[in-house]
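For reference, the structure I am asking about is given below.
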Ligand code: ADP
């Protein structure tokens, strides 16, 4: 990348080309450092469940004559394997989304279907916490996109809304048309995100509180995936949050043409 290069020392002087080369080297170093950090992070994230599995295997061996303990350890092994499986799946998703593969063709995608599928995928987790997921907003919107990616993105937002909610509250997901985009908002009345962390939550492996996140089984990759889905679609994702009050994540995805969006027409200029 040569962005950020300024050739204001004037054409004809060697400063231009040399600056360009230096900039390229710096950029290459930066990319390399990011890659190294990423690999180190992945290694660290894998170490925890693998270590837990090894300990649990040992514990099971030592508890052979206590069937109840064996049951308990087996359940924890299943839990750790689950976590490991999710981490690997999310890593694969992320590497695909990060441009390892060309984006599949963008086609008209029904937003109601995306929301419905994402709600289906989070229903079990919501029920376990006695949370209600409410779907609202404007029906009938159609965006240009890749359905699977959009379902993944909304599912990740809903899963977080559920994971970081407390008590018997509600999680809402609603879509509306605004300035050529479908805005899909996922709102919870959960713990919220401290101001200092708010701009970092979309980074890979970033978690507000390690201990809190590990108890919810989070990988720290969910929002990085959402961000990539948004940018692959020419859209964006933003967060509003207040500690102790809750959070709203808003995903904006370009609407398909007006012909596909009769429902959006009335409010398109709102
Ligand atoms: P994780 O798998 O840990 O949930 P994410 O990338 O999805 O990873 O989110 C990153 C961090 O942002 C989470 O660990 C959590 O601290 C914070 N976060 C995400 N969504 C919410 C939410 N709805 N309410 C409160 N905190 C959230």
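Values in this text are rule-based calculations from the coordinates and carry no lab data. The structure presented is a predicted model; accordingly, all values stated were derived computationally and were not measured. FYI the Cβ positions are ideal-geometry reconstructions off the backbone, even for glycines, and counts take in every protein chain you see.
So for 141, 106, 22, fewest C-beta neighbours within 10 Å to most, what's the order? Could you put the intermediate results ahead of the total?
Details: 141 26, 106 16, 22 11.
Arranged by neighbour count, lowest to highest, 141, 106, 22 become 22, 106, 141.
Over the residues of region 65-214, compute the C-alpha Rg and express it relative to 2.2 N^0.38 Å. Mind dumping the intermediate values first?
Numbers: Rg = 17.9 Å, N = 150, 2.2 N^0.38 = 14.8 Å.
Scaled against compact globular proteins, the figure is 1.21.
Highest mean first, what order results for 218-227, 250-259 on Cβ atoms within 10 Å?
218-227, 250-259
What is the fewest-to-most order of 94, 115 by other Cβ atoms lying within 10 Å of their Cβ? Before the final figure, lay out each step's value.
Details: 94 18, 115 25.
The order, fewest Cβ neighbours first, is 94, 115.
Compare the peptides 59-72, 234-247 by average per-residue count of other Cβ atoms within 10 angstrom and give them in order, highest first. Each step should come with its number before you reach the end.
Details: 59-72: 12.1, 234-247: 16.4.
Top of the packing list down: 234-247, 59-72.
Next up: Could you work out the relative contact order of the chain, using alpha carbon pairs under 8 angstrom and six or more residues apart, expressed as a whole percent? Please report the intermediate quantities before stating the final value.
Numbers: 401 pairs, mean separation 45.5, N = 270.
Relative CO of the chain lands at 17 percent.
With the crude spin-label approximation of a point 7 Å out along Cα→Cβ, what separation in nm comes out for residue 92 versus residue 209?
Distance between label points: 3.4 nm.
Also: What does the C-alpha gyration tensor say about the overall shape of region 98-158? Classify as rounded when a/c is under 1.5, otherwise prolate if a/b is larger than b/c, or oblate.
Details: a/c = 3.62, a/b = 1.56, b/c = 2.32.
It is oblate, given that a/c is not under 1.5 and a/b is not larger than b/c.
Taking the Cα-to-Cβ direction at residue 124 and at residue 106 and moving 7 Å from each Cα, how far apart do the two end points lie in nm?
The answer from the label model is 3.4 nm.
Here is a further query. Take residue 63 and residue 22, extend 7 Å from each Cα along the Cα→Cβ direction, and tell me the distance between the two endpoints in nm.
Going by the 7 Å Cα→Cβ label model, 6.2 nm.
Want the number for residue 168 to residue 31: 0.36 nm per residue separation, take away the alpha-carbon distance, what's left? Provide the component values of the computation, followed by the final result.
Working: separation 137, 0.36 × 137 = 49.32 nm, distance 4.44 nm.
That works out to 44.9 nm of additional length.
Oh, and also: Quick one: among 155, 248, 124, which has the greatest mean-square fluctuation in a GNM of the chain with alpha-carbon springs under 10 angstrom?
For the chain, modelled as a Gaussian network with Cα springs under 10 Å, the answer is 124.
Under the rule a/c < 1.5 gives rounded, and otherwise a/b versus b/c splits prolate from oblate, where does the chain land using the Cα gyration tensor? Could the numbers behind the result be given before it?
Numbers: a/c = 2.19, a/b = 1.19, b/c = 1.84.
Note, shape of the chain comes out oblate.
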